[in-house]
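The values are calculated or read from the model by the stated rules, or taken from the named source; none is laboratory data. Keep in mind that what you see is a predicted model, and the values were worked out from it rather than measured. Note: ideal-geometry Cβ built from the backbone for every residue, glycine included; neighbour counts use all protein chains shown.
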Protein chains: 4
Amino acid sequence: MRVGVLTGGGDCPGLNAVIRAVVRRGVRDHGFELIGYRDGWKGPLEGLTMPLGIEECRGILPRGGTILGSSRTNPFAIDDGVERIRANLASDGVDALVAIGGEDTLGVATKLADAGVSVVGVPKTIDNDLSGTDFTFGFDTAVNIATDAIDRLHTTAESHHRVLVVEVMGRHAGWIALHSGMAGGASAILIPEQPFDIDAVCDHVQTRFESEYAPIVVVSEGAVPKDGGDMTLSSGEKDSFGHVRLGGIGDRLAHEIEQRTGKEARAVVLGHIQRGGTPTAFDRWLATRFGLQAADAVADGDFGTMMALRGTRIDRVPLHEGTGELKTVSPAEYAEAEVFFG
Amino acid sequence: MRVGVLTGGGDCPGLNAVIRAVVRRGVRDHGFELIGYRDGWKGPLEGLTMPLGIEECRGILPRGGTILGSSRTNPFAIDDGVERIRANLASDGVDALVAIGGEDTLGVATKLADAGVSVVGVPKTIDNDLSGTDFTFGFDTAVNIATDAIDRLHTTAESHHRVLVVEVMGRHAGWIALHSGMAGGASAILIPEQPFDIDAVCDHVQTRFESEYAPIVVVSEGAVPKDGGDMTLSSGEKDSFGHVRLGGIGDRLAHEIEQRTGKEARAVVLGHIQRGGTPTAFDRWLATRFGLQAADAVADGDFGTMMALRGTRIDRVPLHEGTGELKTVSPAEYAEAEVFFG
Amino acid sequence: MRVGVLTGGGDCPGLNAVIRAVVRRGVRDHGFELIGYRDGWKGPLEGLTMPLGIEECRGILPRGGTILGSSRTNPFAIDDGVERIRANLASDGVDALVAIGGEDTLGVATKLADAGVSVVGVPKTIDNDLSGTDFTFGFDTAVNIATDAIDRLHTTAESHHRVLVVEVMGRHAGWIALHSGMAGGASAILIPEQPFDIDAVCDHVQTRFESEYAPIVVVSEGAVPKDGGDMTLSSGEKDSFGHVRLGGIGDRLAHEIEQRTGKEARAVVLGHIQRGGTPTAFDRWLATRFGLQAADAVADGDFGTMMALRGTRIDRVPLHEGTGELKTVSPAEYAEAEVFFG
Amino acid sequence: MRVGVLTGGGDCPGLNAVIRAVVRRGVRDHGFELIGYRDGWKGPLEGLTMPLGIEECRGILPRGGTILGSSRTNPFAIDDGVERIRANLASDGVDALVAIGGEDTLGVATKLADAGVSVVGVPKTIDNDLSGTDFTFGFDTAVNIATDAIDRLHTTAESHHRVLVVEVMGRHAGWIALHSGMAGGASAILIPEQPFDIDAVCDHVQTRFESEYAPIVVVSEGAVPKDGGDMTLSSGEKDSFGHVRLGGIGDRLAHEIEQRTGKEARAVVLGHIQRGGTPTAFDRWLATRFGLQAADAVADGDFGTMMALRGTRIDRVPLHEGTGELKTVSPAEYAEAEVFFG
C-alpha cells in the first residue's frame, strides 16, 4: 500500500512528530510505502513529492516546523483542483492520504473524503479550537511560551508599577489566553467568546495595584470590547500598510487602560514565537500517538476519520465532527478564570 | 465555615497553585475562612497551623514546593493519631479539611473520611500513578524536565558513539519513562510493569548504532530484568551506606550494556530535579482547577471525594477510587512506545 | 556606617542580585547598616525608605525586577532636587549611597559625586552600551531570550518559506541585535551604528532562500536606513496614539522586504520580555560580583567610582568614564557578523 | 589552501559553531578548501575524512555535539603516530589543521606544532580550566544547566526541610561549582582547589536551617575533604564495577551531612546533562568568534597559536600558554563565594 502524507496551514510544533510516527508505524507494522507531498494541498495538486522513509525522519522528533513544508493552498478554490489531485494520486500510485492540518486543511480533507478519496485527518492547531478532540498538539507549546513570557513580565510590571498587556494568538477562540492567563496569574483575561467591558478591566487593574503586585492583562488577538464599551478605537482596523496586526487589540487596550487609570501601560504582542520551535513533551507525545493511530486507520481502511484525544485514549471520529463547528471557551470555563481576576 | 488545608508526601510542582485556588475560591465565593496545617498530617496531629488567606498566596502560583511544608507522617501509625487530629480540628474550629497528596496522604484521608472526618482529597504525584484521574499535576513538569535532559544527551551520545542510560522516577509505574522516552526518541524504554529482556535491550542499542544516531535508553528507577535475564546484578540491592540509589538500575544497566555490546555506556540519574521548581503551564492549570473544585466540594458538603481530571472536566470521584489500586502502564500503551525501539 | 541603596531606570534582570550582594558583604564584612531607597532617585528625593537587611534579601537572587522599585525621576530636573537629597540623607543618617542604574541614573550619580555626595555606582543596562565595562548584567539574559525566540522562528520561516524580521531592544547601540543575531544564525543584522542598505538586506534574503533555510533578519529598534535608501517610510514616526513602537522599524522592514522580494514577511517585536524574569547564571554572577565590589568601594571611601568588568576582574573606574560616552558596536565587530549574512 | 578541521575530547556545546565559523570565514574570505577529520586525532591518524563546506554547516549552529565526531585518541601514544598523521595530511593535500579541543587535544596540537605541523588550536572545555583565555565555550552552558537544577532543588529542600547536595563537573578545577553555586545561592561550595572542612560545611547547613530556606551544597566531582577531616569515607574509591562515579563525592557528602546534622540529605549528580544540547547565546557567540579568528590565524600563517578571549577581544596566544598549566580558582575568587555561605 502506498500512502501519501501532507501538512497544511500555519506552523505548529509537533508536525514532524506526527510524520515520523505515521512513517514508523506504517513501515514497521503495516508494510506501507510512504511518500511526502510538499507544501500542503499544493503538493498533490501540483505533484510535488519527496521521499519519506525512516531515514528521512531521523532526528526530526524534537524539531519544530515540518519537513514537508506547508501552504494554505485550497484545491476547491482552483478549477479542476480535485481532478488534478485525483490524477496525481493515481500517477504517483498513492492509495491513501494522511492530511495533517487545521480547520482549512481538514475541511478540504472532508470534502475529498466525501468525494471518495481515501483520506484520514490529523487535527493540528495551536489555537486548540477544533471540535471532537480534547486537545490538539502545538497548543501546549504555545501556552508554555506565553506563560514563560507572562512570568517574565511580572517583574517588570512590579518594579515599574506598570500595567502590562500581553496579546496572544486566538482569533476566534480564547484557549491560549485562558490557559496562559490562568497559568501566569493574570489580573484579567479577555477572549473572543466574551466581549469585554473596559470599565471592568480597569477595575481589575486598580484592584491589583492595591496589592504589591502589578497587573498583567492577557488578551486574545480576536478579543473585542462590548457594544457601547466606549473604547477609543474599535477593533479590526488596519494600519496604513493594510496590516491588521499594527494597532492590534493589545496596543489599543494598553493605550485605553493608560488613559483611564493614569497608570503606565505597555503592550507585548507575542506573535509567531508562539508557533515555532521545539514542541513540549506533551505535544510530542500527543502528536506521536495521533500519527500511530492515523497509520492504523489507513491500514484498517477507516477513511473519512480524524484522530482525536479523548481523556488519554486516541479515538477516531468522523472528519465532519472536527471541522463542523469551532470549539470555543464555554461560559463555565471562563468563569473559572474569573475567580482570579483583580 | 472554617477549612484547613495541608500538603503531604514528596515535593511536586503545582502544590502552591492548588493551595492558592482553594483559598481564592473559598474566600471569594464561599465565604470560607482558611487555615494552613504545616508539614502534612503532622500539622493537624500536632496542631501546627499558619494563617492562610489571599495575602499569603500572592506570588506563589509559579513557585515549586509548598508554602505549607510537607512530611510523610502517618497518623494511623501513631497511637491515638486519629483522636488527636479530631481534637485539634475541634480546638482550631476547623469544619473540613482539604488534603493534597499522593497514595499515602490520600490513603490517610480515605480512612479519616471513613471515620467521619469531613475531608476532600486532591491527587498529587509526579509519578501519575493514582487511579481515577487522567493525569496528576507535577507529572507534566517531571516529563518535560526528563525530556529536556534526553534532548541534551542525544548530542553527547552521537558525538561519542556512546550509549546513554537515563534513569527517571517511577518505582511502581513507568509513566515518566514512557512519556519522556516517547518524547525524547528513546531507543528503548524500560518500566516496572514490563520486566525487560537485557538481550532485547542490547539488540535495540546495536540497531540504533547502525544509523548515525546513538542510542538513549530510558529506564524507570523501579524497572527490573526478566527472571533468568542473566544480568550481572539483581535489582534492589543497597550500597554500603544502605542507600538504594547507589548502584541503582541506571548504573547497573549501563555497566551491563557496556559489557555486552562493547560500546561505552554511561548512566545519568535525574533524581530530585524532576520534582522541584516552577510547574509547567499544564500543571498550573490542572492544579488550579483541582483547587477550585476542591473548594466547591467542601462547600457542597461532598466529603470523601477526590478531584479527578476526566478529559477536560474536573470531576469528583470517591477517595477509594483514587487510592485503591495503582494506575500502571497497560501493555497496549507500552506497545505504542515499542514501535520506536531500536 | 549607614549606606543607602537604590535602583533606577528600566527593569533589568540581576538588580536583586546586586542588592543582595551589597547587603551581605556590607553586613558581614564591613559592619554596615543598610537602608533601601524606593523607586530610584525618587527615594532619596522624597525620603521613601524601606528596611534592607539580610532577611529582606532572602530568596531574591533568582528573581527579576527589583525589590526596591524603580523610576526615571531626575533630581537635577527638579528645583532644589540636590538639596532635598542631601537633607534626606542627613536626616536618615545615611553616609553613602550605592546607585544601581544606567546612563541616566549614573549620570545623576556622577553629578552628585561631583557635588560632594558619597556615592558609588553599579552599571546596569540590558543594552550593554555603558562604557568602561566589558559587559553589564541583564544583557546576557536579554540576548538569550532573543536567541531563543530566533531559534523558534527558524522553523516557521522554513516551513512557510517566509522571511521573519525580529525587532530587539537597542535604541542607540546594537549589542543585543549583534549577539542574538550571531547566536541565532541571522541572515542580516541591522543596528543603529550602521545605517542599512535595504537593497543589500533584500539580497541577503534572496540568497538565503536559495538554500533550504529561510531568512531571519534581526533588527535593533533604533536601526535606520541609509540616506537615500528609498524605504517607503522613514524611521521614527509615531502612530495615531503617539506611540513610537507602532509601525516601528521591524514592521516597516517586513513590509518593505515583502514588497521588494515578493516573499511573505512577518515581524515579531520582542519588547519587554527581553528585560524581565529570572537572570541567566552569567548575569547573576556578574551582578553579585558588582555588588560585592560596590560594598568594598564604600568601605574604602572610594567614592565617585563605578564597578566595571574587565576580563574576569571587577575593577573600579571613575563614574565619568562609564557615563561620558555610549559604548557602541565598532565596524570591526560588525564585520564579524557580516561573515554570516546571506 | 586546504585546511583540515577536527574536534577532540569530551562533548561540549559550541563545537559546531566553531566548525561553521571556520568554514564560512575560510571559504568566503580566504578561499580555503576545507576537509573534516572525523573523531578527533583518530581522523588524521587513520585518514578518516568527510566533506566540510558551507552546505554541511547549515543548521548546525544551535546544535550541541559535533558533526565531526570526537575521540580521546592520542597519536603520541601510538607507534609512528606522528608520522602517520604527516603522511595522511600530505596524501589528503592538507596544508594546515584547526584543532578544537581541551587540554589533551591541544597538548597533541602543541607537540605537533613543535614538530613542524601547521596547526592552530581552539580551546574547548566545559570545565573552563584552560589557561590563557578568560573563558572557554561550553562553560556558560554547563553553568546555566547546573544553575537551573539548583533553582529547582531549592523548592524541594525547603518543602521537606532537607539538605540537597548537587555534584557538578570539575575534576581539577571548581569553576562550574563556583559559578553555579554563586548563581544558585548555595549555602556552601566545595571545589578541588580548597579541600573542605566537613565541620564547617555542617555549620553552614545548620545556619541555613535557622532561616526559612533550606541548604543546597554544591560540590565539584573532584572536591576532597581536608586531611584529618574525618569523613567516613575517603575520596576517589571505586564501586564494585570499577566506576568512580558510584559513591562519588556527592553521595558521600550527603551521607556524611545526614549523619552529623540529623537532617535528611539527598545528593543529585548532574553528570552528562551538563555537556550536551544546545549552547547558550554566549557560547555560540564565543565559539563563532574563536572560529573566525582561527581561520584568520591559518590565513596569516600564524601557527602554533591558540585562540583566547581577553575581555571582549579574541587574541592569539602561544599554544604552550593554554596547555602549560591548569587555570584554577584562586583563593580570592573563592573568598567572594564564601561571603554567601551559611
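The residues of region A:203-244 that are at pLDDT below 70 and crowded, with 16+ Cβ neighbours inside 10 Å, listed by number, are A:G229, A:M231, A:L233, A:S235, A:D239, A:F241, A:H243.
Counting the residues of region C:29-69 that are of a type in the set (D, E, K, R), surrounded by fewer than 18 Cβ atoms within 10 Å (Cβ to Cβ) and within 14 Å of chain A (Cβ to nearest Cβ) gives 1. Looking for something more than 14 Å from chain C (Cβ to nearest Cβ) and of a type in the set (S, T, Y) - is there at least one such residue anywhere in region A:172-187? Yes.
Just one of the listed residues (A:V27, A:V18) is under 21 Å from the mean Cα position of the chain (by Cα) and not acidic (D, E), and it is A:V18.
Exactly one residue out of C:G40, C:G59 is touching a helix residue (DSSP H, G or I) at 6+ places or on another chain (Cβ under 9 Å), on the phi > 0 side of the Ramachandran plot and modelled with pLDDT under 95, and it is C:G59. Annotation: of all residues in region C:265-283 being more than 7 Å from every other protein chain (Cβ to nearest Cβ) and crowded, with 24+ Cβ neighbours inside 10 Å, the one that is farthest from A:R266 (Cα to Cα) is C:D283.
Has region B:130-151 got any residue that is aliphatic (A, V, I, L, M), under 22 Å from B:H255 (Cα atoms), more than 7 Å from every other protein chain (Cβ to nearest Cβ) and more than 21 Å from the chain's Cα centre (by Cα)? Among the residues of region B:130-151, not one is aliphatic (A, V, I, L, M), under 22 Å from B:H255 (Cα atoms), more than 7 Å from every other protein chain (Cβ to nearest Cβ) and more than 21 Å from the chain's Cα centre (by Cα), which makes the answer no. Which residues, counting only those in region B:143-185, are modelled with pLDDT under 95 and among the polar types (S, T, N, Q)? Result: B:T155, B:T156, B:S159. Based on this model, can you work out whether B:T110 counts as away from chain D (no Cβ under 14 Å), modelled with pLDDT of 95 or more and farther than 30 Å from B:V219 by Cα? Criteria met by B:T110. All but one of (1) of a type in the set (K, R); (2) within 9 Å of another protein chain (Cβ to nearest Cβ); (3) under 19 Å from A:D315 (Cβ atoms) hold for A:K124, so report the exception by its number. Condition (2) is where A:K124 drops out. Taken across region B:192-204, residues that are within 23 Å of A:F282 (Cα to Cα), more than 21 Å from the chain's Cα centre (by Cα) and part of a loop (DSSP other than H, G, I, E, B) do not occur at all. Looking at region A:289-296, is at least one residue farther than 14 Å from A:G14 by Cα, more than 13 Å from every other protein chain (Cβ to nearest Cβ) and surrounded by fewer than 23 Cβ atoms within 10 Å (Cβ to Cβ)? No, region A:289-296 has no match at all.
Taken residue by residue, region D:18-26 has no member that is surrounded by 24 or more Cβ atoms within 10 Å (Cβ to Cβ), at pLDDT 95 or above and more than 21 Å from C:A337 (Cβ to Cβ). Being in contact with a strand residue (DSSP E or B) (Cβ under 9 Å, 6 or more places away or on another chain) and among the hydrophobic types (A, V, I, L, M, F, W, C) holds for only one residue in C:A281, C:A294, and it is C:A294. Looking across B:A297, B:A287, one residue alone is part of a helix (DSSP H, G or I), over 17 Å from the mean Cα position of the chain (by Cα) and touching a residue at least 12 places away in the same chain (Cβ under 8 Å). It is B:A297. In region D:15-29, the count of residues that are in a loop (DSSP other than H, G, I, E, B) and in the same structural domain as D:F290 (by TED's automatic domain parsing) is zero. Taking C:D80, is it crowded, with 17+ Cβ neighbours inside 10 Å and either touching a residue at least 40 places away in the same chain (Cβ under 8 Å) or over 28 Å from D:S180 (Cα atoms) (or both)? Spelling it out, it is not the case that C:D80 is crowded, with 17+ Cβ neighbours inside 10 Å and either touching a residue at least 40 places away in the same chain (Cβ under 8 Å) or over 28 Å from D:S180 (Cα atoms) (or both).
It is to be established whether one or more residues within region C:246-269 are over 20 Å from the mean Cα position of the chain (by Cα), at pLDDT below 90 and not assigned by TED's automatic domain parsing to the domain that holds C:A17. Yes, region C:246-269 contains a residue that is over 20 Å from the mean Cα position of the chain (by Cα), at pLDDT below 90 and not assigned by TED's automatic domain parsing to the domain that holds C:A17. Taken over region A:245-264, the criterion of being more than 8 Å from chain C (Cβ to nearest Cβ) and acidic (D, E) is satisfied by A:E256, A:E258, A:E264. Please state which one of C:A142, C:A157, C:A149 is surrounded by 24 or more Cβ atoms within 10 Å (Cβ to Cβ), touching a residue at least 60 places away in the same chain (Cβ under 8 Å) and closer than 27 Å to A:G9 by Cβ. Step by step, each of C:A142, C:A157, C:A149 is checked, and only C:A149 is surrounded by 24 or more Cβ atoms within 10 Å (Cβ to Cβ), touching a residue at least 60 places away in the same chain (Cβ under 8 Å) and closer than 27 Å to A:G9 by Cβ. Residues in region A:103-131 that are crowded, with 23+ Cβ neighbours inside 10 Å and not in a helix (DSSP H, G or I): A:V119, A:V120, A:G121, A:V122, A:P123, A:K124, A:T125, A:I126, A:D127, A:N128, A:D129, A:L130.
Pairs are defined by a Cβ separation below 6 Å, a sequence spacing of at least 6 or placement on different chains, a first member in region B:207-220 that is more than 18 Å from B:G262 (Cβ to Cβ) and assigned by TED's automatic domain parsing to the domain that holds B:L164, and a second member that is in a loop (DSSP other than H, G, I, E, B) and β-branched (V, I, T); the pairs so defined are B:S220/B:I191.
The rows are residues; the columns are (1) in contact (Cβ under 8 Å) with a residue 12 or more places away in the chain; (2) farther than 22 Å from B:A183 by Cα; (3) not aliphatic (A, V, I, L, M).
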| position | (1), (2), (3) |
| --- | --- |
| A:G47 | yes, yes, yes |
| A:E56 | yes, no, yes |
| A:D92 | yes, yes, yes |
| A:V108 | yes, yes, no |
| A:L112 | yes, yes, no |
| A:V117 | yes, yes, no |
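When B:A99, B:A90 are checked against the criterion of being part of a strand (DSSP E or B) and either within 13 Å of chain A (Cβ to nearest Cβ) or modelled with pLDDT of 95 or more (or both), a single residue qualifies: B:A99.
Criterion applied to B:V94, B:V120 was being of a type in the set (A, V, I, L, M) and in contact with a helix residue (DSSP H, G or I) (Cβ under 7 Å, 6 or more places away or on another chain), and the one residue passing it is B:V120. Taken over region D:178-191, the criterion of being under 19 Å from the mean Cα position of the chain (by Cα) and outside any loop (DSSP other than H, G, I, E, B) is satisfied by D:L178, D:H179, D:S180, D:G181, D:M182, D:A183, D:I189, D:L190.
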